[in-house]
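Trainee: Before we start, here is the structure in question, set down as structure tokens.
The values are calculated or read from the model by the stated rules, or taken from the named source; none is laboratory data. Nothing here was measured: the structure is a model prediction, and the numbers come from that model. Positions of Cβ are backbone-derived with ideal geometry, glycine not excepted, and every protein chain shown enters the neighbour counts.
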């Protein structure tokens, strides 16, 4: 199982060529994929801000993108929410990134992410 950061999920769903070769290999080889429910919020915000264009009604597009084979949406549980607050310093303060990293940690799974700050933090096993 692997966890996809928001951009990795969106690129896998709509523009897989934007993924690195290692990320594609990890996604293709994983039996199960997970995203944080927070990624749905981030996708909605990107659509709202017109930084992500979708061909259908935004909520329906997100629902469909959550229904890909092998993909599960992991809820933000009390454990994940709490863990996100207590990530080791100097992990940055972006709440979405903190919840996504905490999701990967709670599942003991690597995170597919291009985010340099997350990969450089050493807090989570990262694939890119």
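Trainee: Just one of the numbered conditions (1) in contact (Cβ under 8 Å) with a residue 40 or more places away in the chain; (2) surrounded by 12 or more Cβ atoms within 10 Å (Cβ to Cβ); (3) touching a strand residue (DSSP E or B) at 6+ places or on another chain (Cβ under 8 Å) is not true of residue 22; which one?
Mentor: Of everything listed in (1) in contact (Cβ under 8 Å) with a residue 40 or more places away in the chain; (2) surrounded by 12 or more Cβ atoms within 10 Å (Cβ to Cβ); (3) touching a strand residue (DSSP E or B) at 6+ places or on another chain (Cβ under 8 Å), residue 22 misses just condition (2).
Trainee: Moving on to the next point. When both residues are 6+ apart or on different chains and their Cβ atoms are under 7 Å apart, which pairs have a first residue that lies in the stretch 59-83 and is closer than 11 Å to residue 34 by Cα, and a second that is buried (at least 17 other Cβ atoms within 10 Å of the Cβ) and at pLDDT below 95?
Mentor: Close Cβ pairs satisfying both conditions: 68/13.
Trainee: A follow-up question, please. Could you say whether any residue in the stretch 96-115 is more than 12 Å from the chain's Cα centre (by Cα) and over 17 Å from residue 34 (Cβ atoms)?
Mentor: No - not one qualifying residue is present in the stretch 96-115.
Trainee: Only one of 111, 105, 46, 83 is farther than 26 Å from residue 20 by Cβ, surrounded by 13 or more Cβ atoms within 10 Å (Cβ to Cβ) and modelled with pLDDT of 95 or more; which?
Mentor: The unique qualifying residue is 83.
Trainee: Also, quick follow-up: Go through (1) free of Cβ contacts under 8 Å to residues at least 24 places away in the same chain; (2) surrounded by fewer than 19 Cβ atoms within 10 Å (Cβ to Cβ); (3) not in a helix (DSSP H, G or I) one by one and return the number of the condition residue 124 breaks.
Mentor: Only one criterion in (1) free of Cβ contacts under 8 Å to residues at least 24 places away in the same chain; (2) surrounded by fewer than 19 Cβ atoms within 10 Å (Cβ to Cβ); (3) not in a helix (DSSP H, G or I) is unmet by residue 124, namely (2).
Trainee: Filter the stretch 11-42 down to residues that are assigned to a helix (DSSP H, G or I), touching a helix residue (DSSP H, G or I) at 6+ places or on another chain (Cβ under 9 Å) and under 22 Å from residue 105 (Cβ atoms), then give me how many there are.
Mentor: Qualifying residue count for the region: 9.
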